[in-house]
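Quick notes on the structure that follows.
The values are calculated or read from the model by the stated rules, or taken from the named source; none is laboratory data. All of these numbers come straight from a predicted model, not from anything done at the bench. Cβ coordinates were reconstructed from backbone atoms using ideal geometry, including for glycine residues, and neighbour counts include every protein chain displayed.
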Amino acid sequence: MTPAKKYKAIVVGSSAGGLNALKTLIKNLGKNFSIPVIIVQHISADSENYLIHILNDLKCLKVKEADEKEQPQPGYAYVAPPNYHLLIESDQTFTFTVDERVNYARPSIDVLFETAAEAYRDQLIGIILTGANNDGSQGLKKVKELGGMAIVQDPETAEVDSMPRAAIQSCTVDHILSLEEIAAFLNTL
Amino acid sequence: MKKSQDDLLENQVIEIRLLIQAIYEKYGYDFRNYSQAHIKRRVINRLNLSGMANISDMIHEVLINHKFVDQLLMDLSINVTEMFRDPSFYKAVREQVVPVLKTYPFIKIWHAGCSSGEEVYSMAILLREEGLYNRTQIYATDFNPVIIKQAREGIYPINRMKEFTLNYQKAGGKSAFSDYYTANYESAKILDTFKKNIVFATHNLVTDSVFAEVHMVVCRNVLIYFDRNLQDKVVGLFSDSLTGGGVLCLGSKESMQFSGFNHNFESLVKNERIYIKKYHV
Ligand SMILES: C[S@@+](CC[C@H](N)C(=O)[O-])C[C@H]1O[C@@H](n2cnc3c(N)ncnc32)[C@H](O)[C@@H]1O
């Protein structure tokens, strides 16, 4: 397999400061970026998922809320709906659950990353961005354990640095980069 | 990736399948067509809490230890719920479904997968406010006997009332929410007057059949746990139970697109996943 074809999905977790970070990331990914991006951003239960509108207005990747049993497609970014955990099935489709919050969050980054790691194994890239808690670090560890690639936003460049710092401590990450550098790197894949 | 990791994951898939099969053969609870990612998460969770060495050990425990089965049943039936969850849904019911229901002299409603009852009492309160409760019969079912008992009691932790009140208000509630329960320092009890037209019973959507003809089915956040085949079957069950012109309410992330019965329905409120059963199907 050529490296260019290796990765089938990218999971991204962000929390406090995530809106701006996601905007920068998506803006800097080419319009023809061909690996599906799956995003958990911590949002309140009753938010209208305004994030989707904002990211779509950038006119880069097509951004939509993840739907049940949907298969992620190239050219799209998917956002987890408020108040549901987003999971990836072994057949690489989306499933939801409403069970307890994990790390005070629903959707939780760990839940997405852990299930995505099992579904995609070494064809997955996990990215942890800005945030004020430690959600995502267990998930990122799992991504690494199953052969995927781990990228963390450089805490020095993050709006809130605790989440990236926790992620860096949880496992040996492959790259610690600014948002622009993350996008530039992904564009080379 | 290391071969051992692949092996471990492969073994887990086999072990979980055997565990689910054991529960089915011994107790009749059928999780074979549930979302695998969900089942796996819950089983591994229980494995870690139990201190057992592996899932195969859980299989033996399930067969001999009834307490463990009950525990696992609670794990697999996610009972998380709230009153007036998704206020916009109840608002839509008030504005767009109530006019439909008003045309019936007597209204029968089935809440399937009602968990601990919050959703059912929310509907009862709404119907009371709309002047319909006295001519309504509600069947509230769930496959989990422990949770049905809780639902029947209608007692909830007092610290949840703030959230429920907020939901109630957003849902277009017409009164003070505190009028509907009595409270002490740790719990709130829904008034008995809201219970008199509700029958709580166990019913398993996978293995049990239609038990009544109804004008409305509310089944929210249950189908998300089922695979396509099971979703298809259960939507068929609802279709059979509903009268022509009856209303089907699903959860906000659920749809009928994978069901062969979807041509039996048309959309009433698209964003809220509220459907009407056609008269001629
Ligand atoms: C997440 S709760 C949803 C509660 C409520 N309807 C709501 O939306 O808030 C899911 C419920 O479905 C029930 N359930 C799961 N499988 C079922 C089955 N096969 N038959 C009946 N109920 C089932 C569970 O016991 C649980 O109470």
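If B:SER252 passes every condition in (1) hydroxyl-bearing (Ser, Thr, Tyr); (2) assigned to a strand (DSSP E or B); (3) within 16 Å of the chain's Cα centre (by Cα) but one, which one does it miss?
(2)
Every residue, every condition in (1) farther than 20 Å from B:GLY173 by Cβ; (2) outside the structural domain of B:VAL235 (by TED's automatic domain parsing), yes or no:
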position: B:MET58; (1), (2): yes, yes
position: B:ILE64; (1), (2): yes, yes
position: B:GLU82; (1), (2): no, yes
position: B:GLU95; (1), (2): no, no
position: B:PHE106; (1), (2): yes, no
position: B:SER115; (1), (2): yes, no
position: B:VAL120; (1), (2): no, no
position: B:ALA124; (1), (2): no, no
position: B:LEU132; (1), (2): no, no
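Is there any pair linking a residue in the range A:161-189 that is without any contact (Cβ under 8 Å) to a residue 24 or more places away in the chain to one that is in a helix (DSSP H, G or I) and of a type in the set (Val, Ile, Thr), with Cβ under 6 Å and at least six apart or on different chains, and which?
Close Cβ pairs satisfying both conditions: none exist.
Within the range B:174-190, identify whether any single residue is under 22 Å from the mean Cα position of the chain (by Cα) and either more than 27 Å from B:SER252 (Cβ to Cβ) or not assigned by TED's automatic domain parsing to the domain that holds B:GLY244 (or both), and answer yes or no.
Yes, there is a match, as at least one residue in the range B:174-190 is under 22 Å from the mean Cα position of the chain (by Cα) and either more than 27 Å from B:SER252 (Cβ to Cβ) or not assigned by TED's automatic domain parsing to the domain that holds B:GLY244 (or both).
Do any residues in the range A:135-158 that are polar (S, T, N, Q) have Cβ atoms under 6 Å from those of residues that are assigned to a helix (DSSP H, G or I), where the two are at least six apart or on different chains, and which pairs are they?
Hits for this filter: A:SER137/A:ALA166; A:SER137/A:ALA167; A:SER137/A:SER170; A:GLN138/A:ASP110; A:GLN153/A:PRO164.
Out of B:THR202, B:THR193, I need the residue that is over 22 Å from the mean Cα position of the chain (by Cα) and farther than 25 Å from A:GLU68 by Cα. Which one?
Answer to the selection: B:THR193.
Could you check the range B:192-222 and list, in sequence order, the residues that are within 13 Å of the ligand (Cβ to nearest atom) and within 21 Å of B:TYR180 (Cβ to Cβ)?
B:PHE200, B:VAL218, B:ARG220
Testing A:GLN92 on (1) crowded, with 19+ Cβ neighbours inside 10 Å; (2) part of a loop (DSSP other than H, G, I, E, B); (3) within 14 Å of chain B (Cβ to nearest Cβ); (4) touching a residue at least 60 places away in the same chain (Cβ under 8 Å), one condition comes back false. Which one is that?
(1)
Quick one: is B:VAL217 touching a helix residue (DSSP H, G or I) at 6+ places or on another chain (Cβ under 6 Å) and not hydroxyl-bearing (Ser, Thr, Tyr)?
Values: touching a helix residue (DSSP H, G or I) at 6+ places or on another chain (Cβ under 6 Å): yes; not hydroxyl-bearing (Ser, Thr, Tyr): yes.
In short, yes.
With the requirement that a residue be in contact (Cβ under 8 Å) with a residue 60 or more places away in the chain and not in a strand (DSSP E or B), what does the range B:255-272 give you?
Across the range B:255-272, the qualifying residues are B:ASN271, B:GLU272.
Checking A:HIS42 against (1) out of contact with any helix residue (DSSP H, G or I) (no Cβ under 8 Å at 6 or more places or on another chain); (2) in contact (Cβ under 8 Å) with a residue 24 or more places away in the chain: exactly one of these is not met. Which one?
(1)
Which is within 13 Å of the ligand (Cβ to nearest atom) and either of a type outside the set (Gly, Ala, Ser) or outside any helix (DSSP H, G or I) (or both), of B:ASP6, B:ASP30?
Just a single option satisfies the conditions, and that option is B:ASP30.
Return yes when B:ARG41 is closer than 29 Å to A:THR93 by Cβ, crowded, with 18+ Cβ neighbours inside 10 Å, within 14 Å of chain A (Cβ to nearest Cβ) and without any contact (Cβ under 8 Å) to a residue 24 or more places away in the chain and no when it is not.
So B:ARG41 fits the description; yes.
So, restricting to helices (runs of 4 or more DSSP H) that lie completely within the range B:48-132, which ones have at least 2 residues that are under 30 Å from B:ILE16 (Cα atoms) and more than 14 Å from the ligand (Cβ to nearest atom)?
Passing ranges, in order: B:55-64, B:66-76.
Just to verify a result, which residue in the range B:5-30, among those that are touching a helix residue (DSSP H, G or I) at 6+ places or on another chain (Cβ under 7 Å) and within 14 Å of chain A (Cβ to nearest Cβ), is farthest from B:ASP208 (Cα to Cα)?
B:GLN5
Name, by its number, the condition in (1) surrounded by 17 or more Cβ atoms within 10 Å (Cβ to Cβ); (2) within 24 Å of B:VAL222 (Cα to Cα); (3) free of Cβ contacts under 8 Å to residues at least 60 places away in the same chain; (4) of a type in the set (S, T, N, Q) that does not hold for B:GLN21.
(1)
Quick check: is even one residue across the range A:105-123 more than 10 Å from chain B (Cβ to nearest Cβ) and assigned to a strand (DSSP E or B)?
There is at least one residue in the range A:105-123 that is more than 10 Å from chain B (Cβ to nearest Cβ) and assigned to a strand (DSSP E or B).
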